[in-house]
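Asker: Pasting in a structure now, in structure tokens, and then I'll have a few things to ask.
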Number of protein chains: 2
Amino acid sequence: MTQIYHQSPPVGQEISCVMKGIESSLLKNNSQLKKILLKALKECNFKILKLVSHNFTPHGFTIMALLSESHAAIHSYPEYSALYFSLYSCRGPKDAEKTFKIIKKKLNPKKIIFLKNDSVLLK
Amino acid sequence: MTQIYHQSPPVGQEISCVMKGIESSLLKNNSQLKKILLKALKECNFKILKLVSHNFTPHGFTIMALLSESHAAIHSYPEYSALYFSLYSCRGPKDAEKTFKIIKKKLNPKKIIFLKNDSVLLK
């Protein structure tokens with residue numbers, strides 16, 4: 001008897017970074033930030049299973065997507081003109097690159113500080 | 001006139017890691033993994049604003065906590081005896097250390113591979 005079990009690829013990728021110098025009106029536009037994230041995930045064929053977000057007072061926004069392929073998160077810090085972006089995918093190596101590039105293009109930050117951009121070995 | 005605005009601390013911390021060699025029955029016990037995460041966050045006075053989780057078939061579990069202080073995430077990969085843990089806090093430097101240590105003690109992994117354990121400069 002053949003038994004087939006689900007098995008994640010042994011290598012994934014995590015990118016996390018702080019993007020700085022994003023235009024203030026964009027950084028305070030929470031619904032626009034949400035749209036940008038969802039569109040980028042869709043373009044890269046990520047499957048969103050659950051989505052949560054929170055608008056902080058007086059500003060600041062968090063959105064997290066629970067994916068079939070792991071997760072994505074954004075936190076905005078308008079007081080520092082900064083946005084934290086994180087994507088962890090267990091779909092394979094280099095898998096988070098395209099999504100990151102799409103989001104970078106839309107947000108057009110002046111500077112990006114990578115906290116992590118590397119492969120994730122699971123096995 | 002004095003106007004007081006919310007401002008996050010300019011430095012936070014992100015810890016993300018893969019813990020390997022966790023005891024199989026614990027790694028497949030999704031409700032127990034959830035309890036461990038929530039208890040650790042509570043002990044460290046993180047405020048959970050929203051919580052989402054998903055039980056994968058035939059195994060695998062994701063839980064994400066949207067915090068006042070940013071976010072935490074766990075993904076389990078029983079097929080690799082592995083668990084991914086990530087905590088990003090903008091409450092201050094070294095802020096994620098205690099929570100990480102509590103979770104590590106409860107899961108008792110044989111090996112930990114740090115993907116990221118560093119300060120996050122926002123300003």
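The values are calculated or read from the model by the stated rules, or taken from the named source; none is laboratory data. Keep in mind it's a predicted model, so treat the numbers as computed, not measured. Cβ: placed from backbone, ideal geometry, glycine included. Neighbour counts: every protein chain shown.
Asker: So B:PHE114 passes all but one of these: (1) out of contact with any Ser or Thr (no Cβ under 6 Å at 6 or more places or on another chain); (2) at pLDDT 95 or above; (3) under 19 Å from A:SER86 (Cα atoms). Which condition number does it fail?
Answerer: (2)
Asker: Out of the residues in the range A:96-123 that are among the β-branched types (Val, Ile, Thr) and closer than 30 Å to B:PRO109 by Cβ, which is farthest from the other protein chains (Cβ to nearest Cβ)? Quick ask: steps written out before the conclusion?
Answerer: Initially, the range A:96-123 is screened for residues among the β-branched types (Val, Ile, Thr), giving A:99, A:102-103, A:112-113, A:120.
Right, trim to closer than 30 Å to B:PRO109 by Cβ and you get A:99, A:113, A:120.
On the way: A:THR99: 17, A:ILE113: 7, A:VAL120: 6 Å.
This residue is A:THR99.
Asker: For the range B:83-114, give me each residue that is surrounded by 19 or more Cβ atoms within 10 Å (Cβ to Cβ) and part of a helix (DSSP H, G or I).
Answerer: Correct list: B:THR99, B:PHE100, B:ILE103, B:LEU107.
Asker: Can you tell me which residue is farthest from the other protein chains (Cβ to nearest Cβ) among those in the range A:18-28 that are assigned to a loop (DSSP other than H, G, I, E, B) and surrounded by fewer than 19 Cβ atoms within 10 Å (Cβ to Cβ)? Break it down into steps so the answer makes sense when it comes.
Answerer: First, pick out the residues of the range A:18-28 that are assigned to a loop (DSSP other than H, G, I, E, B): A:21-23, A:28.
Next, from what is left, pick out any that are surrounded by fewer than 19 Cβ atoms within 10 Å (Cβ to Cβ): A:21, A:23, A:28.
Values: A:GLY21: 12, A:GLU23: 17, A:LYS28: 12 Å.
The selected residue is A:GLU23.
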